[in-house]
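Here is the structure we will look at, set down as structure tokens.
The values are calculated or read from the model by the stated rules, or taken from the named source; none is laboratory data. Quick caveat: nothing in here was measured; it's all calculated off a predicted structure. Every residue, glycine among them, receives a Cβ derived from its backbone with ideal geometry; neighbour counts consider all protein chains shown. Just so you know, the surface numbers come from the protein's heavy atoms only, side chains and all, with ligands and any DNA or RNA stripped out. Shrake-Rupley method; radii C 1.70, N 1.55, O 1.52, S 1.80 Å.
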Amino acid sequence: MSLYRAFLGLWIGGLILFAIVIMLGLPLGVSEVPGGILDHQAAGSAAEVDRIQYVWRSAGLWNQAAIAMIGDLIFIGIYGAGSLLGGLHFRRSTMRPVSILGVLIAIAAAAFLITDYAETIGQFIQLTRFQGDDSLASLAASVRPVKIASWLFTFCGVIACLVIRRKARRTA
């Protein structure tokens, strides 16, 4: 299988999983936790994690939270690997803008993998322990902006590379 096909399959598969994970997390957005899993990620303290998890358990949503987080762990690996392969593929391009973007996409993909796994594993540990942890909650909240920025860069960067290459083919 070519690098391009592997990248495209994993990247698109990751985007499909992203939509599934979002749907899995929707029931977690109850009135006391309107942001659902996003509130849990941004909690920043054991007390806030405990409050959120208490609401979920009281509403019978603990299993749903665990399923959503497991789905997120799978998504991270597939989308992150797809983005990394995409960056490596585009890095090989003879078109300088695509090549440079490819390097930056690969770097952003590595940052995404590291930060999103750190965040989600920390969340999952707290959920399975039924107890918040200040260090894990702080870690999840602090890596969140880097995770979001790196995800956005990989997504927009891959699309930009695909568009640039397509336009170059049309003008050639």
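Side notes on the structure shown:
- Efficiency of FRET between TYR54 and ILE148 - r from beta-carbon atoms, R0 41 angstrom, step 0.05: 0.95
- Rel. contact order, % - alpha carbon contacts under 8 angstrom, at least six apart, the chain: 28 percent
- Charge-dipole axis of region 44-172 as Lys and Arg at +1 and Asp and Glu at -1 on Cβ define it, positive-most pick from GLY77, ALA106, CYS161: CYS161
- Accessible area per residue in Å² at 1.4 Å probe, computed on the chain: 50 Å²
- The residues neighbouring GLY132, those whose beta-carbon lies less than 12 Å from its own, together hold a net charge of -2 under the Lys/Arg +1, Asp/Glu -1 convention.
- Shape category assigned to region 118-158 from the gyration tensor of Cα positions, a/c cut at 1.5: prolate
- Electrostatic dipole magnitude of the chain [Cβ: Lys, Arg +1; Asp, Glu -1; Cα centre; debye, to 20]: 1360 debye
- Of the solvent-accessible surface of region 17-172, computed with a 1.4 Å probe over protein heavy atoms with every protein chain present, carbon and sulfur atoms account for 68 percent.
- At least 27 Å along the helix axis (C-alpha) and Kyte average at least 0.5, DSSP helices within the chain: 3-25, 62-91, 96-129, 134-171
- Dipole-positive endmost among GLN123, ALA59, SER93 within the chain (Cβ charges, Cα centre): SER93
- Subtracting the Cα-Cα distance of THR128 and ARG170 from their residue separation scaled by 0.36 nm leaves 9.8 nm.
- Net charge, ASP50 excluded, C-beta distance under 15 Å - Lys, Arg +1, Asp, Glu -1: -2
- At R0 = 25 Å, FRET efficiency that the Cβ-Cβ distance of ALA160 and LEU26 yields, to 0.05: 0.25
- Spin-label model, SER99 to SER135: label points 7 Å out along the Cα-to-beta-carbon direction sit 4.5 nm apart.
- The magnitude of the dipole of region 68-168, with charges of +1 and -1 set on the Cβ of Lys/Arg and Asp/Glu and taken from the Cα centre, is near 740 debye.
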